[in-house]
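Trainee: Got a structure for you, written out below as structure tokens; questions coming shortly.
The values are calculated or read from the model by the stated rules, or taken from the named source; none is laboratory data. The structure displayed is predicted, hence computed values, not measured ones. When we count neighbours, we look across all protein chains shown, and the Cβ atoms used for this are built from the backbone with ideal geometry, even at glycine. Just the protein is used for accessible areas: all its heavy atoms, side chains included, with ligands, DNA and RNA removed. Shrake-Rupley method; radii C 1.70, N 1.55, O 1.52, S 1.80 Å.
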Amino acid sequence: MPSQKRQFGDIGERKAENFLVSKGYRMLDRNYRIKNLGEIDLIGERKGKLFFFEVKTRDLKHELNFPIGFSIDNKKRRNLKKICQLYLADKRLPFSKEWQVDAIFVKVDFLNNDYTVEHLENILWERYY
């Protein structure tokens, strides 16, 4: 049985996936894991471009003390880039294939039984490497 934290994250990933599908993305893969590096939560495609999505879910009551945007630091970005490159190799996709990494922030408001989804595009900036 998954932990409560994992179950909460799974809720966020489902909300994120529904959001992305409604925006025209076709989902290709979920939870692509590389041991000792981490995982890509969702992988999709739109207009021939590959998108890797890092999904972060936060209870809205914790957002003021622990802003969701700070949960993806420089080390996480470096690891995401490596995992994406390994995914391309694993799936035998050309390294020239256009791709990017986006963040999806899901904020859950349990008091009002509601949630919001934010899409932050292209979170890998070369200045981090």
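Trainee: First measure r as the distance between the Cβ atoms of LYS82 and ASN113, then evaluate 1/(1 + (r/R0)^6) with R0 = 41 Å and state the FRET efficiency to the nearest 0.05.
Mentor: Plugging the Cβ-Cβ distance into 1/(1 + (r/R0)^6) gives 0.60.
Trainee: When the Karplus curve 6.51 cos²θ - 1.76 cosθ + 1.60 is applied with θ = phi - 60°, which whole-Hz ³J(HN,Hα) does each residue of the range 53-64 get, with x for Gly and Pro?
Mentor: With coefficients 6.51, -1.76 and 1.60, one gets 10, 9, 9, 10, 10, 9, 5, 3, 5, 9, 4, 5 Hz.
Trainee: Given axes a ≥ b ≥ c from the Cα gyration tensor, I'd like to know whether the range 10-57 is rounded (a/c under 1.5), prolate (a/b larger than b/c) or oblate.
Mentor: oblate
Trainee: Going by alpha carbons, how many degrees (0 to 90, nearest 10) lie between the helix axis of 74-90 and the longest principal axis of the chain?
Mentor: 50
Trainee: Assuming R0 = 35 Å, what is the FRET efficiency of ASN74 and VAL21, from their Cβ-Cβ distance, to the nearest 0.05?
Mentor: So the FRET efficiency works out to roughly 0.70.
Trainee: Let me ask something else about it. P(r) tail for the range 24-128, what percent of Cα pairs lie past 20 Å?
Mentor: 42
Trainee: Accessible area per residue for the chain in Å², computed with a 1.4 Å probe and the full protein assembly in place, what is it?
Mentor: 64
Trainee: Exposed loop sites here are trypsin sites (Lys or Arg not before Pro) in DSSP loop states with at most 12 other C-beta atoms within 10 Å. What is the longest stretch of the chain lacking them?
Mentor: Longest stretch, sites excluded: 48-91.
Trainee: Within the chain, what whole-number % of the accessible surface is contributed by carbon and sulfur, with the 1.4 Å probe and all protein chains included in the calculation?
Mentor: That fraction is 50 percent.
Trainee: Please determine, in degrees from 0 to 90 and to the nearest 10, the orientation of helix 4-22 with respect to the longest principal axis defined by the Cα atoms of the chain, where the helix direction is its Cα long axis.
Mentor: The angle comes out at about 60 degrees.
Trainee: Which cross-chain or sequence-distant (5 or more) residues have an amide H under 5 Å from the amide H of THR57, H modelled 1.01 Å from N in plane?
Mentor: Amide H neighbours of THR57: VAL106.
Trainee: Taking square-rooted eigenvalues a ≥ b ≥ c of the alpha carbon gyration tensor, is the range 72-129 rounded, prolate or oblate, where a/c under 1.5 means rounded and, failing that, a/b exceeding b/c means prolate?
Mentor: Note, shape of the range 72-129 comes out prolate.
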